[in-house]
Amino acid sequence: VQLQASGGGSVQAGESLRLSCAVSRSIDSIDTMAWYRQVPGKQRELVASSGSGGDRNYADSVKGRFTISRDDVKNTVYLQMDSLKPEDAAVYYCRAERGRFAYWGQGTQVTVSS
């Protein structure tokens, strides 16, 4: 499984960005798709996840502002990020879990200035 993340950029606080993660195979076969983020010196943290059963989970820090969604036709998972804050700045990674295997995409940088 190969993942290609895109959509990062530099925005002002309060603005929005949409990240995309293109998956090399049908996401119907993926158990869980997720977005993580990491800032220098800190551990990578889970931002949002979407299970094959339709369940979605969010980090408390992004609830109500971020939305994870999946397009089964395009085999793409999105992270809509609204009302961005400076503390959301990080490198964002997508991850796919299938069985006992996990796959990571390359990161995409998000910068938020106040």
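The values are calculated or read from the model by the stated rules, or taken from the named source; none is laboratory data. Because the structure is predicted, anything quoted here is derived from the model rather than measured. Positions of Cβ are backbone-derived with ideal geometry, glycine not excepted, and every protein chain shown enters the neighbour counts. Areas reflect the complete protein model, heavy atoms only, side chains present, ligands, DNA and RNA absent. Shrake-Rupley method; radii C 1.70, N 1.55, O 1.52, S 1.80 Å.
Numbers at a glance
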read-out	value
At R0 = 35 Å, FRET efficiency that the Cβ-Cβ distance of S69 and V39 yields, to 0.05	0.90
Percent carbon-and-sulfur accessible area, the chain, ignoring ligands, DNA and RNA, probe 1.4 Å	43
Residue among Y78, A22, A59 farthest towards the positive dipole end of the chain, charges placed on Cβ	A22
Choice from G41, G99, G64 showing the highest fluctuation, given a GNM over the chain with Cα pairs closer than 10 Å	G41
Cβ charges +1 (Lys, Arg) and -1 (Asp, Glu), total dipole of segment 64-111, debye	180
Cα-based equivalent ellipsoid of segment 1-62: semi-axis lengths in Å, sorted from largest, via gyration tensor	22, 15, 13
With eigenvalues of the C-alpha gyration tensor scaled by 5 and rooted, the chain, Å	23, 14, 13
Dipole magnitude (debye, nearest 20) for the chain, charges at Cβ of Lys, Arg, Asp, Glu	200
The chain, accessible area per residue, ligands and nucleic acids excluded (1.4 Å, Å²)	53
Selected from Q43, Q80, Q12 as most flexible by GNM, with the chain as the system and alpha-carbon contacts under 10 Å	Q43
